[in-house]
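Q: After the structure tokens below, expect a handful of questions from me.
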Amino acid sequence: MSVLDDATALPWLAGPAHEIASRQRGHALLLQGHAGAGVFELALRVARSWLCETAGADAPCGRCTACHLLASNSHPDFRALMPELTQVELGWSAGGADAPEAGEGAGKKKPSKEIKIEAVRDAIGWTQKSSSRGRAKVLLLFPADAMNLVASNALLKTLEEPPQGVRLLLVAEDAERLLPTLRSRCQRILFAGPTPEQALAWLEAQGVANAPVLLAAAGGHPLAARRLAADGFDAAAWMALPRRVADGRWDAPAGTTVPRLREVLQKLCHDAMAVAAGAPPRYFPAASLPPAAPWPRLADWSQSLARLARHDEHPFNAPLITDSLLAEARAVWVKPRGRAVNGRS
């Protein structure tokens, strides 16, 4: 499994995980934070603390049978509900639900970005069965806002009155995307993530070169920064990207998906608009940005990218969409041709 899931791998999780696991007594917790900061890994560690069979403050101990079962994603009293796409990205299988293969359904449909009603109903049935190891049962939903309306409503009764010994962990980047009736049944906890110093130290320990550039590129989230590096966006390539896009000379790294490319271009659009408005850029060094573009073009480009974001699951022809996205980006900076004078342009 590719998930980093303990405080040794992500040292900033130890304190928050211990506090949540030992002090929060509610049966339903809503953990809010950014995936790139480790909020999912934090939720896993909390779940493992609850299910650890070694008494004491060092839970999860990593030594007991429960910890070994959790480490291999085979604990019968733990289940994680995720969209198919998230399972593919994490290589995840838990609670008997295997992750779809990356190529599954190739040419037919993309992995779903939703937690579907069938999965929620199956999980509710699972919560109503007795605990296999007699300690507790934990149901984790990540991201919880991936539930559609029907699935969210199906979970309400279990959230309000779960079976004895069942605890629910809902994880979301923005809790406001959840139904108010879901939020009201949970105790909300905000996870701020690591400090900039912790994030930089961790990235450097991971061997990421010029870590400050990629950390800014990822909005300050270290796991997202490491993923950028793994996707072929090293610091030098990231700094060169804006002007190469504006000049029509940039090719996305091999394997870049349409949603990933759209996300990168949205960051470039954000920074171009920030500079045009007299504000500092967030994702790219100021010196790496091309000359200011006309505001109407930037606004149109931003709206176009936002429209595309609503259709990430559509089975687009990726090469054609990629060419179209890059052509649209280049057009933002194309200078208008001068007016003809005496028959000459």
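Q: Can we say residue 172 is within 25 Å of residue 23 (Cα to Cα) and either small (Gly, Ala, Ser) or in the same structural domain as residue 138 (by TED's automatic domain parsing) (or both)?
A: The answer is yes for residue 172.
Q: How about segment 208-222: which of its residues are under 14 Å from residue 38 (Cα atoms) and not in a helix (DSSP H, G or I)?
A: Answer for segment 208-222, where residues must be under 14 Å from residue 38 (Cα atoms) and not in a helix (DSSP H, G or I): 218, 219, 220, 221.
Q: Looking at the structure I just gave you, is residue 112 polar (S, T, N, Q) and modelled with pLDDT of 90 or more?
A: Criteria not met by residue 112.
Residues checked against (1) among the basic types (Lys, Arg); (2) farther than 29 Å from residue 25 by Cα; (3) free of Cβ contacts under 8 Å to residues at least 60 places away in the same chain:
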{"position": "194", "(1), (2), (3)": "no, no, no"}
{"position": "197", "(1), (2), (3)": "no, yes, yes"}
{"position": "211", "(1), (2), (3)": "no, yes, yes"}
{"position": "218", "(1), (2), (3)": "no, yes, no"}
{"position": "222", "(1), (2), (3)": "no, yes, no"}
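Q: Also, I was wondering about something else. Give me the residue from segment 146-192 that is over 20 Å from the mean Cα position of the chain (by Cα) and of a type in the set (Asp, Glu) and, out of that set, nearest to residue 31 (Cα to Cα).
A: Within segment 146-192, the match that is nearest to residue 31 (Cα to Cα) is 160.
Q: Which pairs do you get when a residue that is modelled with pLDDT under 90 and of a type outside the set (Gly, Ala, Ser), found in segment 246-258, comes within reach of a residue that is surrounded by 11 or more Cβ atoms within 10 Å (Cβ to Cβ) and not in a helix (DSSP H, G or I), reach meaning Cβ atoms under 7 angstrom, with the pair 6+ apart or on two chains?
A: That search, which allows pairs on different chains as well, returns 253/231; 253/232; 253/233; 256/231; 258/316.
Q: If you check residue 195 against the conditions, is it β-branched (Val, Ile, Thr) and under 20 Å from the mean Cα position of the chain (by Cα)?
A: For residue 195, the condition - β-branched (Val, Ile, Thr) and under 20 Å from the mean Cα position of the chain (by Cα) - is met.
Q: Tell me the residue from 80, 9, 28, 37 that is surrounded by fewer than 16 Cβ atoms within 10 Å (Cβ to Cβ), within 24 Å of the chain's Cα centre (by Cα) and either in contact (Cβ under 8 Å) with a residue 24 or more places away in the chain or not assigned by TED's automatic domain parsing to the domain that holds residue 123 (or both), please.
A: The unique qualifying residue is 9.
Q: Hey, any hits in segment 147-156 for a residue that's over 18 Å from residue 20 (Cβ atoms) and in contact with a strand residue (DSSP E or B) (Cβ under 6 Å, 6 or more places away or on another chain)?
A: yes
Q: If you don't mind, another one. Considering only residues that are touching an Asp or Glu at 6+ places or on another chain (Cβ under 8 Å) and crowded, with 24+ Cβ neighbours inside 10 Å, which ones fall in segment 129-149?
A: 137, 138, 147
Table: residues versus (1) touching a helix residue (DSSP H, G or I) at 6+ places or on another chain (Cβ under 7 Å); (2) surrounded by 21 or more Cβ atoms within 10 Å (Cβ to Cβ); (3) within 15 Å of residue 207 (Cβ to Cβ).
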residue: 226; (1), (2), (3): yes, yes, yes
residue: 229; (1), (2), (3): yes, yes, yes
residue: 232; (1), (2), (3): no, no, no
residue: 237; (1), (2), (3): no, no, no
residue: 242; (1), (2), (3): yes, yes, no
residue: 246; (1), (2), (3): yes, yes, no
residue: 253; (1), (2), (3): no, no, no
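Q: Just one of the numbered conditions (1) assigned to a helix (DSSP H, G or I); (2) under 19 Å from residue 320 (Cα atoms) is not true of residue 250; which one?
A: Checking residue 250 against (1) assigned to a helix (DSSP H, G or I); (2) under 19 Å from residue 320 (Cα atoms), the one that fails is (1).
Q: Right, next: Among all residue pairs at least 6 apart or on different chains, which show Cβ distances below 8 Å where the first residue, located in segment 261-279, is touching a residue at least 60 places away in the same chain (Cβ under 8 Å) and the second is among the charged types (D, E, K, R)?
A: What qualifies is 262/312.
The values are calculated or read from the model by the stated rules, or taken from the named source; none is laboratory data. As the structure is a prediction and not an experimental result, all values here were calculated from the model. Positions of Cβ are backbone-derived with ideal geometry, glycine not excepted, and every protein chain shown enters the neighbour counts.
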